[in-house]
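The values are calculated or read from the model by the stated rules, or taken from the named source; none is laboratory data. Model, not experiment: these values are computed from the prediction. No Cβ is skipped: glycine too gets one built from the backbone with ideal geometry, and neighbour counts run over all protein chains shown.
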């Protein structure tokens, strides 16, 4: 037997076993889960648009809720962004839930903390159709009925199309802010499969 080849194979097997144990540990109830967000594939046609944008997310289970800490970098300075929990990471996004804003500093970095249900139990449900308030342009007057839909992905959008254009990005208008006139998506969790978003890894 080739001793060197045997040692390499043994080492590789050990690494795989370690990776498996780490994944299993991250899936145990109450474990902290950390992961990254990546630049939206929709921006690939515009390489100059926030080329260094990235985010890291840390979710800490707390029994009745989870605490999600988000840190972003590589973004335009002193700019407002909108953060959502979404069904799938890229268009058409599916059902989406507005969490709040992340504002960057003079170096293009920003942080935010959100407290809520950010785990394998995160979902949206509408047992029936009901009237909805019309407070912003583009609001729907009622909801579509739907069974429970799990929402395990995250996304970050420019709050303003003008801010996106100033950063060398497309001036696409999207509904992803409080007034429904946000800019293009910047970051998402497409580094995870559509049906296995990172919130699925969080066990309450």
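Residue by residue through the stretch 32-77, note down the ones that are at positive phi and loosely packed, with under 13 Cβ neighbours inside 10 Å. Full working, then the answer.
Going residue by residue through the stretch 32-77, those that are at positive phi are 50, 63, 74.
The answer is 63, and nothing else.
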query: How many residues are exposed (fewer than 15 other Cβ atoms within 10 Å of the Cβ), touching a residue at least 24 places away in the same chain (Cβ under 8 Å) and at positive phi if we restrict to the stretch 96-115?
result: 0
message: If I filter the stretch 78-92 down to residues being in a loop (DSSP other than H, G, I, E, B) and surrounded by 14 or more Cβ atoms within 10 Å (Cβ to Cβ), which single residue comes out as nearest to the chain's Cα centre (by Cα)?
response: 89
- request: Scan the stretch 40-57 residue by residue and report those that are under 15 Å from residue 167 (Cα atoms) and free of Cβ contacts under 8 Å to residues at least 24 places away in the same chain.
  value: 44, 45, 47, 51, 52
- request: Filter the stretch 157-175 down to residues that are surrounded by 15 or more Cβ atoms within 10 Å (Cβ to Cβ), free of Cβ contacts under 8 Å to residues at least 40 places away in the same chain and within 14 Å of residue 91 (Cβ to Cβ), then give me how many there are.
  value: 3
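Evaluate the stretch 156-178: report whether one residue or more is modelled with pLDDT under 95 and in the same structural domain as residue 74 (by TED's automatic domain parsing).
Within the stretch 156-178, not a single residue is modelled with pLDDT under 95 and in the same structural domain as residue 74 (by TED's automatic domain parsing).
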- request: Please work out which one of (1) free of Cβ contacts under 8 Å to residues at least 24 places away in the same chain; (2) loosely packed, with under 14 Cβ neighbours inside 10 Å is the condition residue 126 fails and give its number.
  value: (2)
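If only one of 76, 89 is touching a helix residue (DSSP H, G or I) at 6+ places or on another chain (Cβ under 7 Å) and under 23 Å from residue 168 (Cα atoms), which one is it? Show your work before the answer.
Details: 89 fails: touching a helix residue (DSSP H, G or I) at 6+ places or on another chain (Cβ under 7 Å).
Matching residue, one of 76, 89: 76.
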task: For residue 57, indicate whether it is out of contact with any strand residue (DSSP E or B) (no Cβ under 6 Å at 6 or more places or on another chain) and outside any loop (DSSP other than H, G, I, E, B).
output: no
